[in-house]
Amino acid sequence: MMQCGRFQLDLSRPLVMGILNVTPDSFSDGGRFRALDDALAQAERLMRDGADLLDIGGESTRPNAAYVSPQEEMDRVLPVLERLQGAPVPLSLDTRRSEVMRAGLTLGVDLINDVSALEDDGALALMRDSRAGICLMHKQGNPDSMQQRPHYQDVVAEVGDYLRRRVALCLDAGIARERLLADPGFGFGKTLEHNLALLAALPAVAERAGVPLLVGLSRKSMLGAITGEAVAEQRLGASVAAALEAARRGAAIIRVHDVKETRQALQVLAALQQSSLEQDSQK
Ligand code: PT1
């Protein structure tokens with residue numbers, strides 16, 4: 001079981017985290033009110049499709065993303081969090097800024113999903129004094145330049161050991177291990193080769209980190225590189241396949257855009273695993 005704010009999550013089966021981006025693409029027309037309405041409609045849809053958690057983010061951290069001020073980030077996400085308060089599923093806030101975390105925690109978010117693993121000043125102390133879950137992610141470099149020259153001697157060992165050190169820092173601060181998740185950070189300062197090595201060796205990463213893993217592979221450029229599909233929205237098949245392979249390798253939570261399709265794939269996997277368990281017990 002994982003402690004996640006208002007919830008205790010059973011991680012014995014992989015859970016699906018639905019992505020809710022509140023970023024400028026969603027402000028194209030109609031300004032902030034329209035953006036809020038769109039975000040709430042998307043949240044409803046993700047929950048209807050069976051999302052086990054919602055991940056709300058106001059700063060894009062994809063490669064080469066533009067800078068967003070902390071104030072702008074808060075202006076985007078806080079109204080959404082306010083309206084989603086008391087939602088039937090855990091609300092995750094995707095942010096690397098401690099002032100945004102503080103505001104989110106005040107509004108009752110259940111999980112802080114931090115792509116910089118609480119490296120921002122004040123983030124660790126803030127999380128120590130809350131009961132929210134925490135996802136600690138690895139990245140090399142920063143989104144503006146991280147894909148320029150990713151380099152590792154041994155990507156699995158380096159990412160795993162970084163996660164283990166960030167987990168240790170949290171434990172030393174008095175944060176219970178049951179509140180922690182780790183994430184190898186697919187696409188964050190990694191070549192296709194690095195990403196594939198990490199996915200293949202996911203159990204070794206989890207063992208090094210010492211906490212359950214959350215993974216995000218949905219629509220990422222590594223899937224574009226594999227398939228030759230340049231349009232992110234057209235990578236559904238690759239995204240579902242990647243999610244399924246991550247689940248087969250023990251990922252606890254899978255962060256996705258396409259909740260319904262991912263759940264179906266995971267249901268097929270669960271049925272198959274159940275069947276082979278029953279066959280084994282008949283021998
Ligand atoms: C992730 C993640 C995230 N990814 C967690 N949070 C993003 N815990 C945002 C590309 O290569 O994997 N784990 N929050 C989105 N980031 C990216 C990175 C999006 C790379 C796209 C790419 O296309």
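What strands (runs of 3 or more DSSP E) lie completely within the range 1-101 and have 1 or more residues being touching a helix residue (DSSP H, G or I) at 6+ places or on another chain (Cβ under 8 Å)? Outline the logic, then answer.
Numbers: elements: 2-4, 7-9, 15-21, 53-57, 91-94.
So the answer is 2-4, 15-21, 53-57, 91-94.
Checking Leu192, Leu213, Leu202, Leu180 one by one, the residue that is within 16 Å of the chain's Cα centre (by Cα) and more than 21 Å from Leu118 (Cα to Cα) is Leu202 and no other. Restricting Gly133, Gly160, Gly174 to those that are open to solvent by less than 10 Å² (accessible area, probe 1.4 Å), in contact with a Lys or Arg (Cβ under 9 Å, 6 or more places away or on another chain) and more than 20 Å from Asp55 (Cβ to Cβ) reduces the list to Gly160.
Taken together, Arg97, Arg102, Arg48, Arg13 contain a single residue that is over 22 Å from Val256 (Cα atoms), at pLDDT 95 or above, open to solvent by 30 Å² or more (accessible area, probe 1.4 Å) and out of contact with any Asp or Glu (no Cβ under 8 Å at 6 or more places or on another chain), which is Arg102. Among the residues of the range 105-130, those that are open to solvent by less than 10 Å² (accessible area, probe 1.4 Å) and in a helix (DSSP H, G or I) comprise Ala123, Met127.
Of all positions in the range 207-222, at least one carries a residue that is within 27 Å of Glu44 (Cα to Cα), of a type in the set (Val, Ile, Thr) and either at pLDDT below 95 or surrounded by 23 or more Cβ atoms within 10 Å (Cβ to Cβ) (or both). Filtering the range 164-210 to residues that are within 16 Å of the ligand (Cβ to nearest atom) and either of a type in the set (D, E, K, R) or free of Cβ contacts under 8 Å to residues at least 12 places away in the same chain (or both) leaves Arg166, Arg179, Asp183, Lys190, Glu193.
The values are calculated or read from the model by the stated rules, or taken from the named source; none is laboratory data. Bear in mind that the values here come from a model prediction, so they are computed numbers and not experimental data. Because the Cβ atoms are built from the backbone with ideal geometry, glycine has one as well, and the counts that use them run over all protein chains shown. SASA here: full protein model, heavy atoms, side chains in, ligands and nucleic acids out. Shrake-Rupley method; radii C 1.70, N 1.55, O 1.52, S 1.80 Å.
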